[in-house]
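For reference, the structure is listed below as structure tokens.
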Amino acid sequence: METLACAIRLNTVLPPELQARYQRPDTIRRILRDSRTIAIVGASTDPYKASHMVMSYLQSEGYRCIPVNPKADVILGERCYPDVASIPEPIDGVDIFRPASECAAIVEQAIAKGAQWVWFQLRIVALDAAARAEQAGLTVVMDRCIKMEHGRYAGSLHWVGMNTEIVTARKMKRWF
């Protein structure tokens with residue numbers, strides 16, 4: 001029984017069988033290790049919104065983040081695009097901060113763009129969109145925060161009191 005209010009596994013609404021499918025640690029580590037350019041769909045100009053904080057964090061960790069927001073011109077120094085299809089350069093993956101009802105169209109654009117993966121942020125569960133992405137050969141992560149997962153495997157999330165579910169007496173090694 002989990003008693004810690006800040007345990008990683010408490011951050012998901014997926015049942016165990018879907019966690020095993022869409023929240024695999026090896027898949028998450030591979031994405032974080034091998035990716036350099038990430039489209040952030042739903043990026044916000046508001047510094048208090050999660051998408052803004054996540055994009056800022058990923059930039060500080062060396063990722064190139066391309067914001068996708070039809071109502072903005074520039075976010076965190078990067079030119080904004082109205083949709084994934086409008087991005088003029090290759091991307092490794094798409095991080096989605098939009099409601100589940102919008103995910104199918106975003107996934108179709110990610111497929112057409114040649115993305116290798118799609119990541120549905122916390123509390124975004126779009127099973128049909130995920131199935132379509134998998135059918136097209138994309139890797140899918142669902143109902144996880146890319147910032148939290150990066151911190152978890154980079155060895156810094158425990159600094160803010162999160163139970164990373166990684167037990168060690170040694171300084172954490174970076175997985176990527």
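The values are calculated or read from the model by the stated rules, or taken from the named source; none is laboratory data. Please read all numbers here as calculations on a predicted model, not as lab measurements. Ideal geometry is used to build each Cβ from the backbone, glycine not excepted, and the neighbour counts take in all protein chains shown.
Set side by side, the residues Ala43, Ala115 differ, and just one is under 18 Å from Ala129 (Cα atoms) and either touching a helix residue (DSSP H, G or I) at 6+ places or on another chain (Cβ under 7 Å) or aliphatic (A, V, I, L, M) (or both), which is Ala115.
Scanning segment 63-113 for residues that are within 19 Å of Tyr48 (Cα to Cα) and either charged (D, E, K, R) or in a helix (DSSP H, G or I) (or both) yields Lys71, Asp73, Glu78, Asp95, Arg98. When segment 28-42 is limited to residues that are closer than 19 Å to Gly151 by Cβ and under 12 Å from the mean Cα position of the chain (by Cα), the one that is surrounded by the fewest Cβ atoms within 10 Å (Cβ to Cβ) turns out to be Arg29. When segment 126-161 is limited to residues that are at pLDDT below 95 and of a type in the set (A, V, I, L, M), the one that is surrounded by the fewest Cβ atoms within 10 Å (Cβ to Cβ) turns out to be Val160. Remark: pairs (first residue in segment 38-57, touching a residue at least 40 places away in the same chain (Cβ under 8 Å); second residue part of a helix (DSSP H, G or I) and among the acidic types (Asp, Glu); Cβ separation under 9 Å; 6+ apart in sequence or on different chains) = Val41/Glu102; Gly42/Glu102. Checking Thr164 against (1) modelled with pLDDT under 95; (2) more than 21 Å from Val13 (Cα to Cα), which test does it fail? Condition (2) is where Thr164 drops out.
Of all residues in segment 75-100, those that are on the phi > 0 side of the Ramachandran plot have Cβ atoms under 7 Å from Cβ atoms of residues that are not charged (D, E, K, R), 6 or more apart or on another chain, in Leu76/Met55; Leu76/Ser56; Leu76/Gln59. Scanning segment 57-85 for residues that are in contact with a Pro (Cβ under 8 Å, 6 or more places away or on another chain), under 24 Å from Glu149 (Cβ atoms) and not hydrophobic (A, V, I, L, M, F, W, C) returns Asn69, Glu78.
Do we have any residue at all in segment 117-125 that's modelled with pLDDT of 95 or more and farther than 25 Å from Glu61 by Cα? Checked segment 117-125: at least one residue is modelled with pLDDT of 95 or more and farther than 25 Å from Glu61 by Cα. Of the candidates Pro16, Pro70, the single residue that is within 16 Å of Arg123 (Cα to Cα) and more than 13 Å from the chain's Cα centre (by Cα) is Pro16.
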